[in-house]
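Trainee: So that we are looking at the same thing, I have put the structure below in structure tokens.
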Amino acid sequence: MKRIKSAVAAGLAGAIGLTGLALAQPAGATTPATQRVLTELGRVQGLLPTTGAAARVAAPVGQSQAPARIALKGAKGGASQAGSRMTVEPDALPDTDSAVIADADAVSHVFVLRSARAATDVSFTVTGFDGRLVADPLGGVLLVDQATGRADSRISAPWAYDAKGRPLPTSYTVDGDTVTQHVDTRGAAFPVVADPHYTWGWITGTVYFNRNETSHMASDAGFTAAMFAFAPPPFNLIGAMVAGNISRVAWNANSDHKCVKVKSLVPVFPASEYSGGYCR
């Protein structure tokens, strides 16, 4: 089993379409359990979809462009739709709620540990692609194609926050087609919210990095170059050439308490700062 280290908190982004969920009620219907999940997620600023963000998404939760599917292992099933691009599943696991939040080029599979009785190791299966899972230098997981040896998508480095807004230590382990997120909840105030995030930005044009990843990229351009080495051509070569510039932008973004994003535009790979959204 391979250990993937991360400096802060938890989250494994899950690509999962509506076909993987049993929708129990129409959009707009809110049960007390569903409202509980929404309240839990609302504690993390910018996590819940907004009307403006939803308007920028061409398709709802079903993600036809996603190169792979990620599903919460052991979930009971029976999620319900809570808006055009979000589903929730209260009690998906014992003392654990889950939600799926879709965007144009990413899907977050959020889980909420409601109490100290919840398991702190949460696993996800990755299916639907012909390849292997590889740890990347930023603490995430690359989905590497078996034939080309390149990655068209990745699971971002994990993060998690407790009820007081404090980041918690977390990491991934990889075993075959399973990624397990480990959250250190010692001293945490519950509930703990963790946001797994799966993105295929190379395909759609922009790769977003969270604060933990931005900090790694700011500290050493080598992290950036090593990660881009797995990108499909010509992004692998260009990424290595401009790693220093991306690292400088990341340093500025880190100083401004923002994050870095990179557009996959040949031949320059312009990097810039962003805030909000997945910058947590």
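The values are calculated or read from the model by the stated rules, or taken from the named source; none is laboratory data. Please read these numbers as outputs of a predicted model, since none were measured by experiment. For neighbour counting, all protein chains shown are included, and Cβ atoms are generated from backbone atoms with ideal geometry for every residue, glycine included. The protein model used for the area step is the full one, side chains on, heavy atoms only, and it has no ligands, DNA or RNA in it. Shrake-Rupley method; radii C 1.70, N 1.55, O 1.52, S 1.80 Å.
Trainee: Classify the stretch 92-170 from the C-alpha gyration tensor, please: rounded if a/c falls under 1.5, else prolate or oblate depending on whether a/b exceeds b/c.
Mentor: Verdict is prolate for the stretch 92-170.
Trainee: Still on this structure, please answer the following. Could you pull out the trypsin sites (Lys or Arg not before Pro) across the stretch 96-152 that fall in loop regions by DSSP (anything but H, G, I, E, B) with no more than 12 other Cβ atoms inside 10 Å?
Mentor: Here the trypsin sites (Lys or Arg not before Pro) that fit, given the DSSP loop and packing criteria, are Arg117.
Trainee: Carbon and sulfur: what percent of the stretch 125-280's accessible surface (1.4 Å probe)?
Mentor: Roughly 54 percent of what the probe reaches on the stretch 125-280 is carbon or sulfur.
Trainee: Over 10 Å intervals from 0, what percent of Cα-Cα pairs in the stretch 145-249 sits in each interval?
Mentor: Spelled out bin by bin, the stretch 145-249 gives 13, 38, 33, 14, 2 percent.
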